[in-house]
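Following: one structure in C-alpha cells, then a few remarks.
The values are calculated or read from the model by the stated rules, or taken from the named source; none is laboratory data. Here the structure is a predicted model, which is why all the values come from computation and not from measurement. Using ideal geometry, Cβ is built from the backbone for each residue, glycine included, and neighbour counts are taken over all protein chains shown.
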C-alpha cells in the first residue's frame, strides 16, 4: 500500500515537474529590415531583401523553431526616415532587432537608435570603418555582418605592390566610403613601396568623367576607380574610349565590378582586378549552390548585397540553433552571434571582439567565361588570390591602428602627388 | 478680431491633437511631432510664397543651419543638453535670420524664377559646407546627437514630452505669424504680392518689406531646424538637399498658399503619405504623385485655399445676384483681402 502511494506520488511529481519545467518553447523572432526600397538604391534593396528572404524561405520561415516575422520598412535612402522607421519597428512592431541600411550615413544614424532603445542593430551592408572601430564602444548593441570599407583594401594594396604595379592614379567618389577604400589601399600600397601619384575625388553620382580623365597622369601603371551610381557604367567606358585602358591597368574597389553592375558593364572591364569579401565566381560547394538557387529564383547572379544578407540570415539561424529557437535577450544574442562561426557562400565567417567579421578577402579578376554550367560566356570575378581570415586591422597592431586618424579626403596625405 | 471662427476652429483642432496624439500609437506620436516641425518650416515659407508672392527654393538651408548648429553645439561643446537648450533654440532662430539677412541681400535683387534660382544656389552652398567641412559637420556620415535635452525633471527623451515641446513651439510660431500677417506690415506684403509697382508708387519701400519678410522666414526655418535635429537624433547633409526645399514648397502649394494653416495641412498630407502609407503598401509613391497632380489640376489654390474660395463664393453669390459671377483667382483675393 505504502509503496503504491509512493509510486503514485512520484509519478505525479514527475508529471508536475514535466509541466512546470520551462519547456524550450519556440519564440517568435521579429526582425525589422530597413532598406531603401524606393529611390536611387532600390535595386540594392531588392538584392538584399531577396538574399535574406531566400534563406528564410528555404527554412520555411523558421530559425530552429522560432517563427520569423520579417518586416521590411522603406528608408527612402534618407537617414532621418531610417530613424523614424526604426522607431516604428521598435515601438510598434516590437522587433527584437533591426537589420539592414545601405549607406554609411544610414548606419551612423541607426547605431545610436540601437543604443538608446537597447535593441540590436545588425549592419548587413553599411561598411563605414568607425562603427566597429573608434566608435564601437558607443554602440554596444551594434554588430556588423558585412565588412569595413578598408578591410579588402589593406590586402589589395599589398597585392598590387607585389604584382608589378608601382604608380597608381585614383578616381574615387567624394564621400566617406571612397576615402576609406582608397585610404586603406594607399596605406599598405605605399608601405610596400608603391606610389599614389594622383588622387581625384569626383562627386558621387557623376555621369561624365571626361574632365577628370583628361588630367590623368598616364605615366602611372594603373588607375584605381570607385564610381558610385550613374558613374559605375560610364567611367570604365570613358576610360576605354580615352585609351587609358588597356594602356594602364584597371583596378578598383570591389564594388566597382560587383555582380550588381557587372552584367551591364562592357568588355572593357575584362582584366580589371578588385578585392572584396565575396565573388559570385567562388568555386566552393556553398557558393555554387547559392548562386544557382538565387539565379533560378530571381533571374540574376547574386551580388554581394544578396550574399551579405543571406549570410546574415544564416548567422541568425545558427545562433537560434544554440538557444533551441528561444530568444535569449539582446545582449545574450549579440554575445552568441559574435562567437558564431559559419561557412557562408563567401567562405568562413567569424567575428572579432569589436563585432566585425573576420573573413577571407578575395582578389578577383574580371574574366569572360562560362561558369557553373551556364551556357553563355559571361563576365565573372574570377578569384586569383585568397587572403584567408582577414580582420579589419589587417596585420597592423590594433591599438596603434586605432590611434591613427580615420581615413579621410586628406589622410593619408598624398606624398607623391605633385 | 477678424476670422474668429477660424481661430477658434484652429485652436480646437490643436487641442484635440494635443489630447489625442499621445494616446494613439508610438509611431503616430513620432510622426505627428515631425509633421508639426515641418509645418513650422512650411508656414515660414508660406509667409514668402503665399503672402509676399516670392517662391524660395532655399528653405532647406535654414532648416539645415538650425539643425547643424544644434548638433555641433551638442556634440563638440556639450551645449544645449539641459536648460541651455532654450539658448540653442534662440541661437538657431537667430542663425536662420542672420543667414536669411545675408542671402536676402543677393536674392532679393531678383524676382520670380531668378529669385528661385538664387535661393537654390545659396542653399546648395550650405549643402556643400555640410558635405565638405567634415571636421566640423562629419561630412557625409553626419553627426549623431548625444540624446535629447533634460529640462530639470522633464526628460525630452520621452517622445510624449518632446511632442508637447514641439507643439508649444508650433503654436507659438502660428500665433506670431498670424499676428504678423494680420498686421499692417502683413497687409502691405499682400499688397506687394498683388501689385508691387502700385505699392511702390504709394510710397512703400517694397524691397525692405520683402527683405524683412525673408529674414523672419529664415528665423522660423532655423527654429524648425533645431527641433528637427532633436527629433531624429542625427543631422546629415541629406537634411540640406534640394529635396527638402522642394518638399517644403510642395507642402505649402498642396495645403494652400497664403493661408498659413495650409502649410500645416500640406505637411500632414505629405508626411502621412510618405512615412505612414509607406509602412502599409509598397506603391505609396503613386498615391503621393497622384495627390500632387490632382491637387494642381483640381485645387489650384491648394486644399484650404480652394475650400475658402468656395465658401466665399457661396456667400457672395446670393448677395451679388446671378448677373455678377464672382471672378476666380487674383482679383477676388484683392477684393476680399481676407487671406489669413
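In the set B:133, B:207, which member is surrounded by fewer than 18 Cβ atoms within 10 Å (Cβ to Cβ) and out of contact with any helix residue (DSSP H, G or I) (no Cβ under 8 Å at 6 or more places or on another chain)? Let's see the steps before the verdict.
Details: B:133 fails: out of contact with any helix residue (DSSP H, G or I) (no Cβ under 8 Å at 6 or more places or on another chain).
Going through B:133, B:207 in turn, the sole match is B:207.
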Discussion item. So for segment A:138-150 (the condition being part of a helix (DSSP H, G or I) and assigned by TED's automatic domain parsing to the domain that holds residue A:327), does at least one residue qualify?
Written reply: yes
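Going through A:106, A:148 one at a time, which residue ends up being within 14 Å of chain B (Cβ to nearest Cβ), closer than 24 Å to residue A:341 by Cβ and touching a residue at least 24 places away in the same chain (Cβ under 8 Å)? Give the derivation first.
Values: A:106 fails: closer than 24 Å to residue A:341 by Cβ.
From the options A:106, A:148, the qualifying one is A:148.
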Worksheet item: Assuming residue B:188 fulfils every condition listed in (1) away from every other protein chain (no Cβ under 14 Å); (2) within 19 Å of the chain's Cα centre (by Cα) apart from one, which condition is it?
Response: (2)
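Picking from B:57, B:48, B:36, which residue would you name as being part of a helix (DSSP H, G or I) and closer than 22 Å to residue B:212 by Cα?
Within the list B:57, B:48, B:36, the selection yields B:48.
Taking segment A:156-176 as the search range and keeping residues that are surrounded by fewer than 24 Cβ atoms within 10 Å (Cβ to Cβ) and not in a loop (DSSP other than H, G, I, E, B), which one is farthest from the other protein chains (Cβ to nearest Cβ)?
Among those residues, the one meeting the criterion is A:162.
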Practice prompt. With the checklist (1) within 12 Å of another protein chain (Cβ to nearest Cβ); (2) under 20 Å from residue B:87 (Cα atoms) in hand, flag the one item residue B:150 doesn't pass.
Written response: (1)
Discussion item. With the requirement that a residue be at pLDDT below 95 and more than 23 Å from the chain's Cα centre (by Cα), what does segment A:223-234 give you?
Written reply: A:234
Fill in: Residue match in segment A:78-95 (condition: closer than 12 Å to residue A:32 by Cα and away from chain B (no Cβ under 13 Å))
no
Practice prompt. State whether one or more residues within segment B:125-135 are away from every other protein chain (no Cβ under 14 Å) and closer than 20 Å to residue B:52 by Cβ.
Written response: no
Discussion item. Against the definition (buried (at least 20 other Cβ atoms within 10 Å of the Cβ) and in contact with a strand residue (DSSP E or B) (Cβ under 6 Å, 6 or more places away or on another chain)), how does residue A:105 come out, yes or no?
Written reply: no
Worksheet item: Yes or no: residue B:7 away from chain A (no Cβ under 14 Å), surrounded by fewer than 13 Cβ atoms within 10 Å (Cβ to Cβ) and either under 13 Å from the mean Cα position of the chain (by Cα) or assigned to a helix (DSSP H, G or I) (or both)?
Response: no
Practice prompt. Determine which single condition residue B:180 fails, assuming it passes every other condition in (1) buried (at least 18 other Cβ atoms within 10 Å of the Cβ); (2) more than 14 Å from chain A (Cβ to nearest Cβ); (3) in contact with a helix residue (DSSP H, G or I) (Cβ under 7 Å, 6 or more places away or on another chain).
Written response: (1)
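Yes/no per residue for (1) buried (at least 18 other Cβ atoms within 10 Å of the Cβ); (2) closer than 17 Å to residue B:177 by Cβ; (3) modelled with pLDDT under 90; (4) within 11 Å of chain A (Cβ to nearest Cβ):
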| residue | (1), (2), (3), (4) |
| --- | --- |
| B:255 | yes, yes, no, no |
| B:263 | yes, yes, no, no |
| B:266 | yes, yes, no, no |
| B:269 | yes, no, no, no |
| B:279 | yes, no, yes, yes |
| B:290 | no, no, no, no |
| B:295 | yes, no, yes, no |
| B:300 | no, no, yes, no |
| B:308 | yes, no, yes, no |
Discussion item. Kindly evaluate residue A:207 against the criterion of being surrounded by fewer than 19 Cβ atoms within 10 Å (Cβ to Cβ), at negative phi and not assigned by TED's automatic domain parsing to the domain that holds residue A:36.
Written reply: yes
Worksheet item: Looking at B:183, B:173, which is the one that is under 22 Å from the mean Cα position of the chain (by Cα) and free of Cβ contacts under 8 Å to residues at least 40 places away in the same chain?
Response: B:183
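Tell me the strands (runs of 3 or more DSSP E) entirely within segment A:287-375 that contain at least 3 residues that are more than 28 Å from residue A:66 (Cβ to Cβ) and either modelled with pLDDT under 95 or in contact with a helix residue (DSSP H, G or I) (Cβ under 7 Å, 6 or more places away or on another chain) (or both). Give the steps one after another, and end with the answer.
Working: elements: A:342-344, A:347-351, A:357-369.
Result: A:357-369.
Test of understanding: among B:258, B:225, B:221, B:263, which residue is in a helix (DSSP H, G or I) and over 30 Å from residue A:175 (Cβ atoms)? Spell out the reasoning first.
On the way: B:258 fails: in a helix (DSSP H, G or I); B:225 fails: over 30 Å from residue A:175 (Cβ atoms); B:221 fails: over 30 Å from residue A:175 (Cβ atoms).
From the options B:258, B:225, B:221, B:263, the qualifying one is B:263.
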Worksheet item: In this structure, does residue B:215 turn out to be part of a helix (DSSP H, G or I), touching a residue at least 12 places away in the same chain (Cβ under 8 Å) and closer than 20 Å to residue B:265 by Cα?
Response: no
Worksheet item: How about segment A:109-139: which of its residues are within 18 Å of residue A:353 (Cβ to Cβ), out of contact with any strand residue (DSSP E or B) (no Cβ under 8 Å at 6 or more places or on another chain), more than 10 Å from chain B (Cβ to nearest Cβ) and free of Cβ contacts under 8 Å to residues at least 40 places away in the same chain?
Response: A:137
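Per-residue answers, yes or no, for (1) within 19 Å of the chain's Cα centre (by Cα); (2) surrounded by 24 or more Cβ atoms within 10 Å (Cβ to Cβ); (3) under 14 Å from residue A:125 (Cα atoms); (4) within 14 Å of chain B (Cβ to nearest Cβ):
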residue: A:45; (1), (2), (3), (4): yes, yes, yes, yes
residue: A:49; (1), (2), (3), (4): yes, no, yes, yes
residue: A:54; (1), (2), (3), (4): yes, no, no, no
residue: A:57; (1), (2), (3), (4): no, no, no, no
residue: A:71; (1), (2), (3), (4): no, no, no, yes
residue: A:97; (1), (2), (3), (4): yes, yes, no, no
